[in-house]
Number of protein chains: 2
Amino acid sequence: MFHVHIHASFLECVPLLLRPENRTAFAPAFTVIDNDGTLWTEQPLYFQALYVFDRIKKMAPDHPNWKTKEPYSSVLRGDLKGALAGGEKALLEMTMATHAGLTAEEFAESVRQYLARAIHPTTKRPLTKMVFQPMLELLDLLRAGEFKIFIVSGGGIDFVRVFSEEVYGIPPERVIGSSIDAKYEVRDGKPVIVKQPSMDLIDDHEGKPVGIHRYIGRRPILAIGNSDGDFEMLEYATAGKGPRLGMILHHDDAKREFAYDKDSAIGRSVRALDEGPKRGWRIVSMKKDWKVVHPEKAE
Amino acid sequence: MFHVHIHASFLECVPLLLRPENRTAFAPAFTVIDNDGTLWTEQPLYFQALYVFDRIKKMAPDHPNWKTKEPYSSVLRGDLKGALAGGEKALLEMTMATHAGLTAEEFAESVRQYLARAIHPTTKRPLTKMVFQPMLELLDLLRAGEFKIFIVSGGGIDFVRVFSEEVYGIPPERVIGSSIDAKYEVRDGKPVIVKQPSMDLIDDHEGKPVGIHRYIGRRPILAIGNSDGDFEMLEYATAGKGPRLGMILHHDDAKREFAYDKDSAIGRSVRALDEGPKRGWRIVSMKKDWKVVHPEKAE
């Protein structure tokens with residue numbers, strides 16, 4: 001039933017971790033997996049950014065000043081390059097501006113509605129079909145081995161939680177991600193959580209081990225990512241005692257997905273690819289190691 | 001096998017929640033349970049405060065100024081009343097001063113060693129034997145019904161995580177609690193998490209729903225606490241759709257445990273006991289509803 005779409009080389013290290021004697025009481029089989037570029041596609045830009053741009057368009061009538069204010073004006077004109085000119089910082093600002101003030105339940109409903117209709121800009125497939133089939137099969141294999149699987153995303157925790165259970169079989173309490181502050185309020189007699197316009201955790205680079213400690217409290221034994229933002233997570237996970245494994249997906253398949261690494265603004269991967277092998281991390285070539293990439297093309 | 005030590009009245013509401021048709025996809029059976037005063041005793045003071053005082057005594061040789069600086073000097077003289085005169089704020093300050101700078105693994109080891117030898121000031125029993133037998137049996141019942149049980153403690157998340165699995169069967173990733181900031185560092189070549197002298201989350205009162213949202217991302221359907229610090233948690237959990245239940249333990253058994261509510265500095269309970277019944281919350285009398293209190297006295 002497993003790894004029908006995965007070359008053996010992709011999986012040869014995992015069975016070692018699956019042996020019961022390789023689980024210690026202090027480090028049960030916690031697995032941490034990045035989302036964007038590791039569980040699903042992240043090009044031409046993070047799918048949450050597509051959602052943020054969609055919200056900016058919806059909210060624009062109530063924010064007339066956005067017409068002349070960057071990066072909002074670029075978003076409203078459909079100028080992707082201008083919208084992203086301010087880098088991660090501008091993306092964060094737009095994320096907070098479009099999420100703050102919503103209750104947790106309103107936000108989740110808004111994302112749910114968006115994902116039900118959103119299609120990928122180049123493949124025109126639903127965003128939730130842009131997941132990686134070999135990774136879905138790896139999740140099944142790990143679950144069968146009773147690994148506790150956590151997503152550790154640079155993206156928003158509450159965004160990923162909306163679809164993680166349905167798409168990956170990973171429940172909301174096993175999602176770690178970037179977060180903005182939240183406040184408890186009784187609004188019109190109903191107790192709610194309201195999203196605030198200030199950062200809580202930036203779950204990227206050194207923020208990933210911090211997030212892992214916050215949410216799990218133990219050092220994982222298996223970490224999988226694809227970019228330099230995952231470097232510290234793999235460094236942390238592979239440094240403990242006993243068998244451990246770090247894996248880096250290399251996006252080298254321009255034909256079936258996207259090919260990018262050192263020069264990409266999204267999912268830039270320099271240090272992970274250079275230093276990873278010296279540290280014993282396994283570099284997975286999507287081109288060579290994966291028989292299929294996305295699920296609808298499976299079989 | 002279950003509730004041999006619990007009067008039926010304590011449990012009569014739970015079977016309703018256990019029915020499969022009462023679980024919705026949006027709100028699986030998440031349960032949130034306070035720790036101090038709900039899962040174990042919290043008198044004459046929080047057990048984590050005993051640990052903090054123990055660390056102050058150990059660290060004193062390196063901090064000569066503590067001899068004349070309150071509240072440290074009271075702690076060093078063994079003057080409990082003086083040590084607690086500054087209330088929760090002083091406790092927090094002492095907690096940060098004694099925890100910061102330790103790596104996560106050093107801290108966990110320090111707590112582990114402390115709990116292995118610590119005894120309760122009045123009963124002289126090990127602190128980990130001061131848990132409530134009827135609550136252990138309720139946990140078994142909820143687990144059998146596939147509830148996802150989370151501890152939601154005003155105490156430190158990393159403190160509770162050390163013993164939660166062994167004592168309650170609740171793994172570290174299902175513990176929510178107050179936290180100080182953490183930083184990722186590569187120290188002498190080893191990647192570690194280092195505790196910082198600044199607050200992250202105060203998981204008490206309105207901080208409890210915030211913590212629940214942060215760690216679970218869904219509204220629980222069952223919440224159990226014992227003090228006003230749990231009020232907002234019960235308010236939040238019992239406000240959603242479908243069957244829900246809030247329970248407040250009333251410490252009214254001076255003979256078998258401690259009797260306190262409105263006038264106690266630790267675990268003060270005024271609003272929870274007054275308003276709870278009007279909101280349909282079940283008040284559990286430890287004196288009347290529990291056949292036994294602590295496990296060693298069971299059978």
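The values are calculated or read from the model by the stated rules, or taken from the named source; none is laboratory data. Please read these numbers as outputs of a predicted model, since none were measured by experiment. Here the Cβ positions follow ideal geometry from the backbone for every residue, glycine too, while neighbour counts run over all protein chains shown. The protein model used for the area step is the full one, side chains on, heavy atoms only, and it has no ligands, DNA or RNA in it. Shrake-Rupley method; radii C 1.70, N 1.55, O 1.52, S 1.80 Å.
What to note about this one:
- Residue-normalised accessible area of region B:25-171, expressed per residue, 1.4 Å probe, Å²: 39
- The protein assembly as shown - mean residue ellipticity at 222 nm from DSSP helices (-39,500 (n - 2.57) per run, n ≥ 4, rounded to 500): -10000 deg cm²/dmol
- In Å, descending, principal axis extents of the Cα set of region A:31-87: 45, 20, 14
- Descending principal axes extents, region B:39-132, alpha-carbon based, whole Å: 39, 31, 21
- Surface/4 estimate of mean projected area, convex hull on alpha-carbon atoms of chain A, nm²: 16.2
- Considering only Cα atoms, the convex hull volume of region A:160-299 works out to 162 Å³ per residue.
- Nearest beta-carbon to the B/A symmetry axis - residue in chain B, distance in Å: B:Tyr215, 3
- Alpha-carbon gyration tensor eigenvalues x 5, square-rooted, for region B:178-233, Å: 31, 13, 8
- Modelled FRET efficiency - R0 60 Å, A:Glu146 with A:Lys81, Cβ distances, 0.05 increments: 0.85
- Of all DSSP beta bridges in the protein assembly as shown, antiparallel share, percent nearest 5: 40
- For the residue pairs B:Lys208/B:Lys278; B:Lys58/B:Lys255; A:Lys262/A:Lys288, alpha carbon separations beyond 24 Å are given by B:Lys58/B:Lys255.
- Share of carbon and sulfur in the accessible heavy-atom surface of region A:102-158 [1.4 Å probe, %]: 54
- Accessible surface of A:Phe132 - all protein chains present, 1.4 Å probe, nearest 10 Å²: 0
- With label points defined 7 Å past Cα in the direction of Cβ, position A:Glu165 shows copy-to-copy spacings of 2.4 nm, given to one decimal and shortest first.
- Region B:208-273 - convex hull of the alpha-carbon atoms, volume per residue in Å³: 93
- For region A:137-242, the alpha-carbon coordinates run over 52, 29, 23 Å along the three principal axes, in decreasing order.
- Solvent-accessible area per residue for region B:243-299 (1.4 angstrom probe, square angstrom): 52
- Under 18 Å from the Cα of A:Lys129 - aspartates and glutamates, other chains or at least 8 residues apart: A:Asp34, A:Asp36, A:Glu42, A:Glu137, A:Asp140, A:Glu165, A:Glu166, A:Asp253, A:Glu257, A:Glu296, A:Glu299
- Radius ratio Rg over Rh of region B:100-160, counting only Cα atoms, Kirkwood formula for Rh: 1.05
- Apolar share of the accessible surface for region A:182-299: 49 percent from carbon plus sulfur atoms, 1.4 Å probe.
- Chains B and A together, accessible area buried on both sides, 1.4 angstrom probe, square angstrom: 3300
- Annotation for region A:221-262: trypsin sites (Lys or Arg not before Pro) lying in DSSP loop with at most 12 further Cβ atoms inside 10 Å of their Cβ are A:Lys241, A:Lys255, A:Lys262.
- Going from the chain on its own to the full set of protein chains, region A:167-183 has these residues losing 50 Å² or more of accessible surface (heavy atoms, 1.4 Å probe, no ligands, DNA or RNA): A:Glu173.
- For chain B, the share of DSSP beta bridges that are antiparallel, to the nearest 5, is 40%.
- Rg over Rh for the protein assembly as shown works out to 0.98, using Cα positions for both radii and the Kirkwood form for Rh.
- DSSP-defined beta bridges in region A:148-299 - what % are antiparallel, rounded to 5: 45
- Label geometry 7 Å along the beta-carbon vector: A:Arg187 inter-copy distances in nm: 4.1
- Region A:126-235: GluC sites (Glu not before Pro) in DSSP coil with no more than 12 other Cβ atoms inside 10 Å: A:Glu146
- When A:Ala116 is represented by a point 7 angstrom out along its Cα-to-C-beta vector, the spacings to that point in the other copies are 5.6 nm, nearest first.
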